[in-house]
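Taking it in order: structure first as structure tokens, then the write-up.
The values are calculated or read from the model by the stated rules, or taken from the named source; none is laboratory data. Small disclaimer: the values here were computed from a predicted structure and weren't measured. Don't worry about glycine lacking a Cβ; one is built from the backbone with ideal geometry, like all the others, and counts go over all protein chains shown.
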Amino acid sequence: MTEKWQDKLDPLQYEVARLGATEQAFTGKYWDHKAQGTYVCVCCDTALFSSEAKYDSGSGWPSFYDVLGPNLVTITTDNSHGMSRDEATCTACGGHLGHRFSDGPAPTGLRYCINSASLDFKGAI
């Protein structure tokens, strides 16, 4: 399975989406992306986030206040790096997306802080 992902993904995408790394803030291709459309999992192409739920959190990573629908993103506890956070993964393939925090805007109060390397973008038609 590892070879499949290494063949499909570039080195940064593989490190982030399959090994749980984090890209540097303000470096990813989608952190300040403003086009209308849908953000999909870079591994399996599952639609995860709408540009309508994207906002500028000032964190340097793409931030969304909601997912496109229930059960698309799985949340588990991540106790790495000496802190406890909610890790967000793609339910369909298990790819690491980023983390979820409870400091986001209305209507959910959530901030899905997602690595650009874990996403692809499909523009509105």
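Examine the stretch 71-93 for a residue that is part of a loop (DSSP other than H, G, I, E, B), in contact with a strand residue (DSSP E or B) (Cβ under 9 Å, 6 or more places away or on another chain), without any contact (Cβ under 8 Å) to a residue 12 or more places away in the chain and over 18 Å from Pro105 (Cα atoms), and state whether such a residue exists. Walk me through it before giving the result.
Quick first cut of the stretch 71-93, residues part of a loop (DSSP other than H, G, I, E, B) only: 71-72, 79, 83-84, 91-93.
Going one step further and asking which of them are in contact with a strand residue (DSSP E or B) (Cβ under 9 Å, 6 or more places away or on another chain), we end up with 72, 79, 84, 91-93.
This time we only want the ones that are without any contact (Cβ under 8 Å) to a residue 12 or more places away in the chain, so: 79, 84.
Next, only the ones that are over 18 Å from Pro105 (Cα atoms) stay: 79, 84.
Yes, there is a match, as at least one residue in the stretch 71-93 is part of a loop (DSSP other than H, G, I, E, B), in contact with a strand residue (DSSP E or B) (Cβ under 9 Å, 6 or more places away or on another chain), without any contact (Cβ under 8 Å) to a residue 12 or more places away in the chain and over 18 Å from Pro105 (Cα atoms).
Within the stretch 86-97, is even one residue over 23 Å from Thr2 (Cα atoms) and over 10 Å from the mean Cα position of the chain (by Cα)? It would help to see each step written out before you state the result.
The initial filter retains those residues of the stretch 86-97 that are over 23 Å from Thr2 (Cα atoms), namely 86.
Retained after the next criterion (residues that are over 10 Å from the mean Cα position of the chain (by Cα)): 86.
Looking for residues that are over 23 Å from Thr2 (Cα atoms) and over 10 Å from the mean Cα position of the chain (by Cα), one finds at least one in the stretch 86-97, hence yes.
Here's the yes/no breakdown for (1) on the phi < 0 side of the Ramachandran plot; (2) among the polar types (S, T, N, Q); (3) modelled with pLDDT of 95 or more; (4) surrounded by 16 or more Cβ atoms within 10 Å (Cβ to Cβ):
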| site | (1), (2), (3), (4) |
| --- | --- |
| Gly82 | no, no, no, no |
| Ala88 | yes, no, yes, yes |
| Ala92 | yes, no, yes, yes |
| Gly95 | yes, no, yes, yes |
| His99 | yes, no, yes, yes |
| Pro105 | yes, no, yes, no |
| Leu110 | yes, no, yes, yes |
| Ile114 | yes, no, yes, yes |
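Considering each residue of the stretch 95-125, count those that are in contact with a strand residue (DSSP E or B) (Cβ under 8 Å, 6 or more places away or on another chain) and not in a loop (DSSP other than H, G, I, E, B), and give that number. Show your work before the answer.
So in the stretch 95-125, the residues in contact with a strand residue (DSSP E or B) (Cβ under 8 Å, 6 or more places away or on another chain) come out as 95-105, 110-115, 118-124.
If we keep only those that are not in a loop (DSSP other than H, G, I, E, B) too, we end up with 96-101, 111-114, 118-123.
Residues meeting the conditions: 16.
Please tell me if Ala35 is more than 21 Å from Asp103 (Cα to Cα), in contact with a Phe, Trp or Tyr (Cβ under 9 Å, 6 or more places away or on another chain), of a type outside the set (D, E, K, R) and outside any helix (DSSP H, G or I). Steps first, answer last, please.
Values: more than 21 Å from Asp103 (Cα to Cα): yes; in contact with a Phe, Trp or Tyr (Cβ under 9 Å, 6 or more places away or on another chain): yes; of a type outside the set (D, E, K, R): yes; outside any helix (DSSP H, G or I): yes.
For Ala35, the condition - more than 21 Å from Asp103 (Cα to Cα), in contact with a Phe, Trp or Tyr (Cβ under 9 Å, 6 or more places away or on another chain), of a type outside the set (D, E, K, R) and outside any helix (DSSP H, G or I) - is met.
Given the condition crowded, with 17+ Cβ neighbours inside 10 Å, part of a strand (DSSP E or B) and in contact (Cβ under 8 Å) with a residue 24 or more places away in the chain, answer yes or no: does some residue in the stretch 13-21 qualify?
The answer is no; no qualifying residue exists.
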